[in-house]
Each structure stands twice: as C-alpha cells, then as structure tokens.
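The values are calculated or read from the model by the stated rules, or taken from the named source; none is laboratory data. Just so it is clear, the model here is predicted, and its values are computed rather than measured. Here the Cβ positions follow ideal geometry from the backbone for every residue, glycine too, while neighbour counts run over all protein chains shown. Just the protein is used for accessible areas: all its heavy atoms, side chains included, with ligands, DNA and RNA removed. Shrake-Rupley method; radii C 1.70, N 1.55, O 1.52, S 1.80 Å.
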Amino acid sequence: MSVEKNTRPLDEGIVKDFSSRMSYGSYLQLPLLLSAQQPVSQPEHHDELLFIIQHQTTELWLKLVLHELRSAAAWLRQDDLGSALKAIARVKHIQKTLTEQWSVLATLTPTEYSQFRSFLGNASGFQSSQYRAVEFILGNKNAKMLPVFDSDPESRTMLEELLNAPSIYDEFLAYLDRHGYDVPRSVLDRDVTRAHEFDPGLLPLFKHIYEHAADNWPAYEACEELVDLEDNFQLWRFRHLRTVQRTIGMKTGTGGSSGVSFLKKALDLTFFPELFAVRTEIGQ
C-alpha cells in the first residue's frame, strides 16, 4: 500500500470543526502554556528560550512526582502496598527523564549563558518550591528553607504541611510495624518535622527482610523500590552539579548560594540510610 505523491489522505471520519468541540489545544490549554516562555534578556538572547523551557518542563514533571508520592504515602497509610509501589515505579521513570534533560541544558556553553545570566537577577532553581516539596516528602526536611518562600504564601503553606507530615519512609516503617515487623518505638514516635537520620536499631529488621526475602517478598520489594528512588535522585543531583560546573564553573549561584560547592553537599544527603547500610550487614 503506497502513499501517492508522498501525501497521506485524511480519513473521512477525522473531525475538523472544533467551533463547539473540545480540541487538543483547548484541553491542554496550549495557548496559555506556550505563551508562558517570556525571555527577559535585552536584546533577547537566542539561548534563553532553552533555559526557560528546561526549567518549566522540570517543574511540570516535579508536579507529577509530587502527585504520585502524595498518593503513595496515602496508599501506604491504607495498607495498599501494591498501589504505593506502582506510584513509586512511575516516579522512577520520571526521574530518568529529568536526569536525561540535563544533557539538553549542557549544550548551553559558558559564553552563551553569560550573555543573559545577568538578566536573571536572583532567580534560581534553589527557590523551586516543588523541588523542596519532593525533598521533604522523601525525608530530607529542613525548616530553614521555609523563609525563602515567605513572599509566596501558597508555596510556604505547602512546604509547612509536608514538613509536619510523615515522609514516605515514615509511612513505610509504620506500614511494616502494622504488619508485624519489629520497628523500634523510637523510630515510630520520632519528630517528623526533622530529617530522618540513620538509626542502627533498624538494621536487624532490614537484615531479616533481605536475608529471608522469599518469606518477606512485599517488604523486600518495597525496600528495593525505595533504594531505586534514592539512587535516581542522587543521579539527578550529580548531573545537576556537573551541568552547573561545566556552565558557570565555580561562580556563586544567582540565588546567593556558593554554587558547585553547595550542590556537592547535597550528595551527602540521604533519604533511606538504613537500606544502604544493611548491605554491609548481609551475610555476616
């Protein structure tokens, strides 16, 4: 079956009149979405559009990540581990997309970026409320971040709510406790407004799960999904660091941070430290 003159005919049933129907563009609000890229450089620099779209698409993906992680936490509270793991599996795929996006921004050379960087003022990814929200819901809570969002009450309220709510890890440990696993009381009663810190009292529990995986398969699978989640997050952090380093070197960040040296410290942060520490214990 060939296409005559390299032109495909339209099927008779294809809808063409959208005067009273919802179209693709209206459903996705494309006029609004595609008008949101507003370069500020004067004269407008060619590469600023790349910079804007890179960060806007990241924020859209982060919105979906938050949607899935909030749902996963709720499902864990309802003892629906399967649905929670399905949501986490989706987040893992989003994380891979987010990490790959850095390769696009990395095509921005230092010379190109320097020609419009000064127009950004103090705007910085450091001020992404959704990124902070993802960190909070995964357990890297830091109340000192909140004042950054004082001028954005809606974002500050969202972060305060997540600061005061159990993290995904807290919910998972509570799930294990409800299902007969020996979770230390001190862990279950901890102050959830603080970042989770390594607790050696959890190692016997996870060692038991890993060394008897066949008898503890749901818990074992969940542990590995969380490990994947943290691995992917750290890969994103590393690609962020390397992209910033190749673009601005060791300059101070537009938001006032020390730049690359500040980003390096994030690589030492962890969400689920016991799930990594237990690997040293297995088989001993």
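Scanning the stretch 211-246 for residues that are open to solvent by less than 60 Å² (accessible area, probe 1.4 Å), more than 24 Å from Leu69 (Cα to Cα) and either modelled with pLDDT of 95 or more or in contact with a strand residue (DSSP E or B) (Cβ under 6 Å, 6 or more places away or on another chain) (or both) yields a total of 1. Any residue that is surrounded by fewer than 11 Cβ atoms within 10 Å (Cβ to Cβ), over 12 Å from the mean Cα position of the chain (by Cα), on the phi < 0 side of the Ramachandran plot and of a type outside the set (Gly, Ala, Ser) - is there at least one of those in the stretch 44-64? No; the residues of the stretch 44-64 include none that is surrounded by fewer than 11 Cβ atoms within 10 Å (Cβ to Cβ), over 12 Å from the mean Cα position of the chain (by Cα), on the phi < 0 side of the Ramachandran plot and of a type outside the set (Gly, Ala, Ser). Name the residue that is most open to solvent (accessible area, probe 1.4 Å), counting only residues in the stretch 268-280 that are at pLDDT 95 or above and of a type in the set (D, E, K, R). Here the residue is Arg279. For the subset of the stretch 161-205 comprising residues that are without any contact (Cβ under 8 Å) to a residue 40 or more places away in the chain and among the acidic types (Asp, Glu), which member is nearest to Gln130 (Cα to Cα)? Top of the filtered list is Glu161. The condition of being open to solvent by 30 Å² or more (accessible area, probe 1.4 Å) and more than 17 Å from Leu176 (Cβ to Cβ) holds for only one of Gly249, Gly256, that being Gly256. Only one entry of His196, His208 meets the criterion of being open to solvent by 70 Å² or more (accessible area, probe 1.4 Å) and either closer than 16 Å to Leu275 by Cβ or in contact with a His (Cβ under 9 Å, 6 or more places away or on another chain) (or both), and that entry is His208.
Scanning the stretch 83-116 for residues that are more than 20 Å from Lys63 (Cα to Cα) and among the charged types (D, E, K, R) gives a single hit, Glu112.
Filtered by the rule that a residue be hydroxyl-bearing (Ser, Thr, Tyr) and exposed (fewer than 10 other Cβ atoms within 10 Å of the Cβ), the stretch 1-43 gives Ser2, Thr7, Ser19, Ser20, Tyr24, Tyr27, Ser35. Within the stretch 99-118, being open to solvent by less than 50 Å² (accessible area, probe 1.4 Å) and among the aliphatic types (A, V, I, L, M) holds for Leu105, Ala106, Leu108. Only residues that are open to solvent by 20 Å² or more (accessible area, probe 1.4 Å) and either in contact (Cβ under 8 Å) with a residue 12 or more places away in the chain or of a type in the set (Gly, Ala, Ser) (or both) were counted in the stretch 141-155, giving 6. Being open to solvent by 70 Å² or more (accessible area, probe 1.4 Å), in contact with a Gly (Cβ under 9 Å, 6 or more places away or on another chain) and modelled with pLDDT of 95 or more is a condition met by no residue of the stretch 77-96.
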